[in-house]
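Only one structure is covered here, and it is reproduced in the block below.
The values are calculated or read from the model by the stated rules, or taken from the named source; none is laboratory data. If you're wondering where the values come from, they're calculated on a predicted model, not measured in any experiment. Here the Cβ positions follow ideal geometry from the backbone for every residue, glycine too, while neighbour counts run over all protein chains shown.
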């Protein structure tokens with residue numbers, strides 16, 4: 001139970017053809033995130049693990065938007081303090097959701113830095129909630145690259161915003177909206193979305209009712225489709241909501 005929501009979740013991951021798995025995930029206590037590290041010489045693995053360690057402090061806390069921004073900026077600072085090997089500084093993407101309360105209402109708080117993705121499926125329809133922070137996504141937005149060409153563009157893996165890296169400051173994308181019973185959230189690294197189109201991800205999520213079966217199958221299909229990158233998938237279902245408790249002062253806002 002998190003913020004009055006009964007949840008059911010699962011995580012699946014595979015290093016695929018890589019020597020190590022630089023993805024790190026967290027899926028408990030109302031926090032569901034995936035970090036995809038980069039930097040070489042195992043620096044990506046260290047960066048993603050460090051960020052998830054810092055962000056795990058949000059679990060079970062009903063954080064505000066300001067709370068999440070503060071924690072992500074602390075994670076950014078901690079990764080920037082890591083030693084670098086060669087020209088590439090350690091960095092990592094981070095995306096996911098945390099269940100919180102706003103004015104007594106259970107909400108999904110969506111967070112994103114980089115090109116890993118968070119989706120929501122309602123009524124069998126999958127919607128991407130996050131915006132990719134990548135050169136290709138920016139070119140698509142500017143009308144310079146067609147959507148259908150983005151997946152094959154040679155700059156598709158160049159991210160423009162990460163935790164760590166060379167930028168002194170990070171501005172995460174954050175949004176919040178109420179939880180509805182039946183919501184299915186999917187958090188994943190680009191090892192999934194580089195090889196499986198959204199239509200296929202949607203089909204698997206429709207076919208597999210349990211989060212464990214859905215997460216495992218998505219990873220298997222990514223590998224079968226020729227995926228070479230680490231792939232990590234978190235699937236979380238909002239099974240039911242519980243009524244909020246009236247506030248002691250009679251305001252109607254749960255404390």
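Among residues belonging to segment 54-98 that are out of contact with any strand residue (DSSP E or B) (no Cβ under 6 Å at 6 or more places or on another chain), in contact (Cβ under 8 Å) with a residue 40 or more places away in the chain and assigned to a helix (DSSP H, G or I), point out the one that is nearest to residue 231 (Cα to Cα).
Looking at the filtered set, the residue picked out is 72.
Yes/no matrix, rows are residues, columns are (1) touching a helix residue (DSSP H, G or I) at 6+ places or on another chain (Cβ under 8 Å); (2) at pLDDT below 95:
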| position | (1), (2) |
| --- | --- |
| 48 | no, no |
| 64 | no, no |
| 92 | yes, no |
| 118 | no, no |
| 140 | yes, yes |
| 143 | no, yes |
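Can you pull out the residues in segment 25-37 that are crowded, with 18+ Cβ neighbours inside 10 Å and farther than 12 Å from residue 82 by Cβ? Spell out the reasoning first.
From segment 25-37, those crowded, with 18+ Cβ neighbours inside 10 Å are 25-27, 30-37; that's our starting set.
Listed by number, the residues that qualify are 25, 26, 27, 30, 31, 32, 33, 34, 35, 36.
Mind checking whether some residue in segment 177-191 is crowded, with 20+ Cβ neighbours inside 10 Å, under 19 Å from the mean Cα position of the chain (by Cα) and either at pLDDT below 95 or in a helix (DSSP H, G or I) (or both)?
Yes, segment 177-191 has at least one match.
Can you name the residue in segment 110-133 that is part of a strand (DSSP E or B) and over 10 Å from the mean Cα position of the chain (by Cα) and, of all such residues, is farthest from residue 75 (Cα to Cα)? Full working, then the answer.
To start, the set of residues in segment 110-133 that are part of a strand (DSSP E or B) comprises 110-113, 117-122, 125-128.
Subset that is over 10 Å from the mean Cα position of the chain (by Cα): 120-122, 125-128.
Values: 120: 25, 121: 29, 122: 32, 125: 33, 126: 30, 127: 28, 128: 25 Å.
The selected residue is 125.
Every residue, every condition in (1) buried (at least 24 other Cβ atoms within 10 Å of the Cβ); (2) at pLDDT below 95, yes or no:
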residue: 1; (1), (2): no, yes
residue: 13; (1), (2): no, no
residue: 23; (1), (2): yes, no
residue: 51; (1), (2): yes, no
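Going through segment 23-49 one residue at a time, which ones are touching a residue at least 40 places away in the same chain (Cβ under 8 Å) and part of a helix (DSSP H, G or I)?
43, 44, 46, 47, 48
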